[in-house]
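The values are calculated or read from the model by the stated rules, or taken from the named source; none is laboratory data. Since the structure is predicted, the reported quantities are computational estimates derived from the model, not experimental observations. Cβ coordinates were reconstructed from backbone atoms using ideal geometry, including for glycine residues, and neighbour counts include every protein chain displayed.
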Amino acid sequence: MISPVEKIKERLSIVDVISSYLSVEQSGKNYKAKCPFHNEKTPSFFISTDRGTYYCFGCGAKGDIFSFVEKFEGTDFLGSLKILADRAGIPLEKFNYNKSENDDKERWYEILEEATRFFEKSFSENPKARAYLRGRGISDETIKLFRVGYARDEWRLVTDYLLKKGYKLIDLETVGLVKKNNDRAYDRFRGRIIFPISDSSGRVIAFSGRIFKEETLLSSGMPAISEAKYLNSPDTPLFNKSNVLYGIDKAKTAIRTRGYSIIVEGQFDLILSHQAGFSNTVAVSGTALADNTGASDLNDIAKINNLGLIRRLSSNIIFAFDGDGAGIRAANRSAMIALSLDMQVKIAVLPEGKDPADVIFENIDKWKDIIKNSVDIISFHLERICNNTKDLRMQGRAIKDIIFPFMSMIKSSIEKSAYITLIYKKTGLDEAALMKDFETYERNNLNHIPQEKETIRIIESKPRRDILEQKLFGIIFWQEGSNVNLEKINEICDFFKKGIGEDIFLELYEKHKINSQNLAFETDLWYGDKINTVSRDFKEITLNLEEEILNENKALLQPLDTEEKLIKFNNISKRIEEIRKARNI
């Protein structure tokens, strides 16, 4: 039977897939674009229509439609499979995956999906919760779209329901649905309106719950708050609050097509913004903006941070946080991260004491005007400084304390100079003095400004070596667990061991053994019945991985201050040349 991977590849061309993310142009019989995985001004990212692959001559990123989506969207292989299957119109349930009972990640996704359906049903049976959302201006259609649910105020309702479904308590605790106190398990979410948080492929990975207990409703129909207003899922093997934004699965296409994103704080802000036609909106509630990468444990695929993904979709971003002091401070922190990623940052100026949900509920057209009239972060703060004081000395201090930190994050010298001129025209402060003070500020705060190399690392996804290791050991574990014995693979593997050393190979084997079921499963999905191509791919993977490891070893030999180091360096260089000849590079 043809594998789902091959079926999807038959329906989707690599150019169509990649051009839906990037602006591509034809170059002979191939296509090229600016690489989304590192900063560059001249396109070095090439797409081969004949091979169905891409390769970047700048950073070495390469692969097919699945690895591209996986890398671009910061998801795993099964996430990219779901995204592309949905796009190709292929129902995955028709394929037999031979899922293993030990496939933890798939079981955790199933638990969260089952819990989501349970919360949705509970919401449909609660007229007061439905009336509350309708009173906030949210339509039934929007409620259904965002799969809003309700967790009744009972201690073990969800726990008992899922245990009866056959799931284990340890798994319910792992995905954040259950808490324990002195060996007593109980539901984490009780008496709350539930907002499922999904990854970019649409799989539910966490929840955020707003307090809504019927016995504490005020006469106005609004909930009386006596405990935390919002409760969010903890970090789990599926959910890291720095790797996702609420609503990203529904907003990513609109962010690409419209060319900018809107970042709001709360779930109601996001849902009403989508309902008002701004489907390019995401929210930080239940998550957290971050400027680094990372995985929660060894089972996780390393992911780009949430703003890194937003930047790949569009470098233009509007922060629309609450119009109070706390909202402005939150916008400042977020804007600083976005500027460090070389994004174009604007601020939507909201009335003091109002949040986006308030504005949209009162007047949708006013929300549209606020977004239309958003201003860049420097102009926003300059206007506030000038409105707060007319004293030039106080303005100068405020500019140094508030505006210079943002300007120091901007990489373009032309933009910095333009902002100095803008400050001069707005305040009358001497332009040359402003430039001199700013240059002094930059020199004194050089260590606090992310350098180009750091910024590239921030927005990059999983390293190439990690990808190669996972593909290689996926084939090894797949062969170990199947009836297929490909002698050619064993020969290549022995040669690879010899090249990198038995100790290093065993170390890598143990490192990936913990995730062997998932890696073998992905390999089985990938190749299907095309066993004859496995050996060829395995050889290419081993050569590429050996080169990666040898290049790292070369770097560790620096400086070449001993004869022994020099000999090792030359031997490694010789082997790298042999590898490249073997690959016909």
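Can you tell me which residues in the stretch 169-198 are free of Cβ contacts under 8 Å to residues at least 12 places away in the same chain and part of a strand (DSSP E or B)? First the steps, then the outcome.
Here is the first cut: in the stretch 169-198, the ones free of Cβ contacts under 8 Å to residues at least 12 places away in the same chain are 170, 179-184.
Once the filter is applied, which keeps residues that are free of Cβ contacts under 8 Å to residues at least 12 places away in the same chain and part of a strand (DSSP E or B), the stretch 169-198 yields LYS179, LYS180, ASN181, ARG184.
Go through the stretch 31-68 and give me each residue that's in contact with an Asp or Glu (Cβ under 8 Å, 6 or more places away or on another chain) and either in the same structural domain as ASN551 (by TED's automatic domain parsing) or farther than 22 Å from ILE541 by Cα (or both).
Hits for the stretch 31-68 are TYR31, LYS32, ALA33, LYS34, HIS38, ASN39, PRO43.
Does LYS144 qualify as being of a type in the set (Lys, Arg), assigned by TED's automatic domain parsing to the domain that holds ARG190, at pLDDT 95 or above and part of a helix (DSSP H, G or I)?
Details: of a type in the set (Lys, Arg): yes; assigned by TED's automatic domain parsing to the domain that holds ARG190: yes; at pLDDT 95 or above: yes; part of a helix (DSSP H, G or I): yes.
Considered against the rule, which asks whether it is of a type in the set (Lys, Arg), assigned by TED's automatic domain parsing to the domain that holds ARG190, at pLDDT 95 or above and part of a helix (DSSP H, G or I), LYS144 comes out as yes.
Consider LEU307 carefully, then state whether it is in a helix (DSSP H, G or I), closer than 23 Å to GLY353 by Cα, modelled with pLDDT of 75 or more and not assigned by TED's automatic domain parsing to the domain that holds LYS71.
Numbers: in a helix (DSSP H, G or I): yes; closer than 23 Å to GLY353 by Cα: no; modelled with pLDDT of 75 or more: yes; not assigned by TED's automatic domain parsing to the domain that holds LYS71: yes.
Judged against the criteria, LEU307 is not a match.
Scanning the stretch 3-36 for residues that are out of contact with any Phe, Trp or Tyr (no Cβ under 9 Å at 6 or more places or on another chain) and not in a helix (DSSP H, G or I), which turns out farthest from ALA88 (Cα to Cα)?
Ranking the candidates gives GLY28 first.
For the list (1) in contact with a strand residue (DSSP E or B) (Cβ under 9 Å, 6 or more places away or on another chain); (2) surrounded by fewer than 21 Cβ atoms within 10 Å (Cβ to Cβ); (3) among the basic types (Lys, Arg), I need the number of the one condition that LYS346 fails.
Only one criterion is unmet by LYS346, namely (2).
Which of (1) modelled with pLDDT of 85 or more; (2) out of contact with any Gly (no Cβ under 9 Å at 6 or more places or on another chain) does LEU550 not meet, given it meets every other one?
For LEU550, the exception is condition (2).
Among the helices (runs of 4 or more DSSP H) lying completely within the stretch 323-381, list those that include at least 3 residues that are of a type outside the set (A, V, I, L, M, F, W, C) and over 28 Å from the mean Cα position of the chain (by Cα). Write out each step before concluding.
Working: elements: 325-340, 356-362, 364-372.
Counting at least 3 such residues, we get 364-372.
Out of (1) free of Cβ contacts under 8 Å to residues at least 24 places away in the same chain; (2) in the same structural domain as TYR161 (by TED's automatic domain parsing), what's the single condition that is false for LEU112?
All conditions are met except number (1).
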